[in-house]
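First the structure, in the form of structure tokens, and then the observations on it.
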Amino acid sequence: MPYFMALLTVFQRFTLADWGVEPSLAPPDMFMEKNEDPKLSVEFTLDPKVVVTLKHPGSSELPFRGPVLKGRATCILSATGKSEFVIKQSLVIKAYWPETRRSNEATIIQKAIDALEESNKKDLVKHLPKLIAWKDIDSSNTLNIMSELGKSYDPKTDPARILRLLLFRRLEPLESITKEDEFTKAWLQCFTCHYHLWVKGIQHGDISVWNLMRDPVESCGVLNDFDLSVIKGGSSENRGGERTGTLPFMARKLLNIGFLSGNEERKYMYELESFVWVFAWLCLRGESDIPDPGMDWRQRDLRNAAGAKQLFLLEYAQVTPESCYRYAWGKCGKLIQLLRDIDENQALRDRLRLTGEINSHSVYSEVFKIIETEYTIADWLNFKSRIMSDALQEAENL
């Protein structure tokens, strides 16, 4: 009993920060009775020049929130600029808990901008997210509680995390684009930006339908979310301990225990395959007569997920989206055939007329040519007929 009373006495002296609540982010009335959907907001200073009003996570008007009640999942908060140079912009704050040993996303974005400008690719900078300001909440560093408890700290097995806030210009999902030509253009812009960053050593590492966005101000595609990116040549402690990727869009060769154990090196071909899965996903979205392709791709069993994708590569010619997506699906068919050629290796060499090693530039150029080529419905039907004929021939040879 005395120990219990001592514990209550300690709890009584806890501050908001001790309870895990950051005072600067807590609305004044957060502990008062609220209705079912409270409209909470708080004024917050990111730096002396940037003051914003953000909506508290209690509001239902969040652009995005991870599938958890509480935790370190990413949460996107709507924000309104109070400072003069951001007051008219539509803004969001990204709140998440990265590993402190991993490179800061703000630093990676700035290095990406510098890399594009140094390589005379300034026109691609607009395809990067517009970061306005950022701030780490130092009091939230999980290393603090480890130190107070006298817990031994091993950054490799138990990395510390910190609450990080980044203020961005608001973006729209790529899947919100209804016009087919605008969709393929935005996808290609993201793909192009990604390639030129890759050759400069900046590896995104998490290509997914949720990380390819559209800037409504610039009306262009944006390669978003660099928090898990790796800068080639950087120290291993800046890479973090996680294997990055979003399961439905990961390359088939990464869906194995070796990758999860950190034994599989990332390659450009893997990232390219992720782009193709995103393209296929978006082409098939909203089709009432076609099962959601991601339902199979999202299987938690890595081997089954890889098998579902392999089966899709063999049977995609039997899928025909509605007419509004038929032109894009024709391009998708060509991209899927490219994946099959990559699997066969020699077929890819013949296709690209290569005599030496297959390189990322040759494959990138092939993808660019596929997307830039205009296809008619007749072209797609002829292509579909040929692929199905080839599939039947393969089955007869088994």
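The values are calculated or read from the model by the stated rules, or taken from the named source; none is laboratory data. Keep in mind it's a predicted model, so treat the numbers as computed, not measured. Positions of Cβ are generated from backbone atoms using ideal geometry, with glycine treated the same way; all protein chains shown enter the neighbour counts. In case anyone asks, the SASA skips ligands and DNA or RNA and just uses the protein heavy atoms, side chains included. Shrake-Rupley method; radii C 1.70, N 1.55, O 1.52, S 1.80 Å.
Among the residues of the range 119-136, write down those that are in contact with a strand residue (DSSP E or B) (Cβ under 8 Å, 6 or more places away or on another chain), assigned to a helix (DSSP H, G or I) and open to solvent by 60 Å² or more (accessible area, probe 1.4 Å). Across the range 119-136, the qualifying residue is only 126. Counting just the residues of the range 253-279 that are open to solvent by less than 30 Å² (accessible area, probe 1.4 Å) and at pLDDT below 90, which one comes out nearest to residue 206 (Cα to Cα)? Looking at the filtered set, the residue picked out is 254. Is it the case that the range 188-204 has a residue that's in contact (Cβ under 8 Å) with a residue 40 or more places away in the chain, under 15 Å from the mean Cα position of the chain (by Cα) and more than 18 Å from residue 123 (Cβ to Cβ)? Yes, the range 188-204 has at least one match. Restrict the check to the range 292-301 and report whether at least one residue is among the basic types (Lys, Arg) and either open to solvent by 80 Å² or more (accessible area, probe 1.4 Å) or at pLDDT 85 or above (or both). Looking for residues that are among the basic types (Lys, Arg) and either open to solvent by 80 Å² or more (accessible area, probe 1.4 Å) or at pLDDT 85 or above (or both), one finds at least one in the range 292-301, hence yes.
Got at least one residue in the range 360-369 being at pLDDT 80 or above, of a type in the set (S, T, N, Q) and open to solvent by 40 Å² or more (accessible area, probe 1.4 Å)? First the steps, then the outcome.
Within the range 360-369, the subset at pLDDT 80 or above is 360-369.
Next, only the ones that are of a type in the set (S, T, N, Q) stay: 360, 362, 365.
Next, only the ones that are open to solvent by 40 Å² or more (accessible area, probe 1.4 Å) stay: 365.
Yes, because at least one residue in the range 360-369 is at pLDDT 80 or above, of a type in the set (S, T, N, Q) and open to solvent by 40 Å² or more (accessible area, probe 1.4 Å).
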